[in-house]
Amino acid sequence: MKLKSFVSILSIAAVALSLSACKSAAVKQNTDHAFPIVVSAEEPAFIFPISLHGTPGNDTEVGLAISSGAVAEYGASVISGQQLYSQVGNLSWTLGENMRRQANKDQFKMTGTADKEAKKLDKQMKKLTSKLKSMGVITNPDYNFKYVIVLHVDSAGGMQVPYVKNVTAFGGIIDLETQEIVTYIEKDLTLSEDGVLAQMPAEMNKIIADLLAPSA
């Protein structure tokens, strides 16, 4: 048996143990909004292109796997913009970081530097929505997104095992009409290099579910 294969088996076992002891998702919700958040094929939410720092594997492949997984799970009630990642620049990262700072202060309004990021999001969403309409992804010419799901994945500390990465997924849903954070989540994940293309879509779908229908 090759060394990598043997180590991979050990890594998968470590992942299983780590996940069983993994910190559960911390979900915060803005009580000024009604829950669950209703999305449908007629009024879908938009998944902003996701920045993946520290995630094993090829970022493009993992990002598209997440996108495909969301479509398989939620159908037309969510639209992923991952294929437009190259058009959003650093906003994929800076927006998530600013949401994190606001949520950790229990402030759901995007104020200060977060306000600047929210304004950038509003401007960017106009461009992306127009692009999606021209691509035929959105067929209603009058539709504009209300809810944008913003997620970011960053490297995390903890025990390091070969072919395994610890990351933290965080972000939430922004109401474009009020420029407020509706829900926010932070969750530690342990990912296997060999299994990341299957694991990340499943984990991100769980996160999206928690954001749409958080526990009180």
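Values in this text are rule-based calculations from the coordinates and carry no lab data. Keep in mind that what you see is a predicted model, and the values were worked out from it rather than measured. Neighbour counts are summed over all protein chains in view; Cβ atoms, including those assigned to glycine, are modelled from backbone coordinates with ideal geometry.
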Once every DSSP H run of n ≥ 4 in the chain is given -39500 (n - 2.57) and the sum is divided by its residues, what mean residue ellipticity at 222 nm do you get, rounded to the nearest 500 deg cm²/dmol? -13500 deg cm²/dmol
Using the Karplus equation 6.51 cos²θ - 1.76 cosθ + 1.60 (θ = phi - 60°), what ³J(HN,Hα) coupling, rounded to whole Hz, does each residue of region 34-41 give in order, writing x for Gly and Pro? 8, 10, x, 6, 8, 10, 8, 5
Region 122-188 - charge dipole about Cα centre, Lys and Arg +1 at Cβ, Asp and Glu -1, debye rounded to 20: 380
Local charge sum around Ala65 (other residues, Cβ-Cβ under 13 Å, Lys/Arg +1, Asp/Glu -1)? -4
If R₀ is 35 angstrom, what is the calculated FRET efficiency for the pair Thr60 and Ala213, using the beta carbon separation as r and rounding to 0.05? 0.70
P(r) histogram, all alpha-carbon pairs of the chain included - 10 Å bins from 0, percent: 8, 34, 36, 16, 5, 1
Ordered by number, the chymotrypsin sites (Phe, Trp or Tyr not before Pro) in region 112-215 that occupy a DSSP loop and have at most 15 other Cβ atoms within 10 Å are Tyr143
Expressed in nm to one decimal, what extension gain is obtained for the pair Asn140 and Ser40 from 0.36 nm per residue of sequence separation less their Cα-Cα distance? 34.7 nm
At the level of C-alpha centres, the distance separating region 161-196 and region 94-128, in angstrom, is 16
Assuming 0.36 nm per residue, please report the length gained on full extension of the stretch Asn104 to Ser130 beyond their Cα-Cα distance. 6.1 nm
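Rg over Rh of region 65-177, using C-alpha atoms and the Kirkwood radius, what does it come to? Walk me through the numbers before you get to the answer.
Working: Rg = 15.7 Å, Rh = 15.7 Å.
Rounded to two decimals, Rg/Rh equals 1.00.
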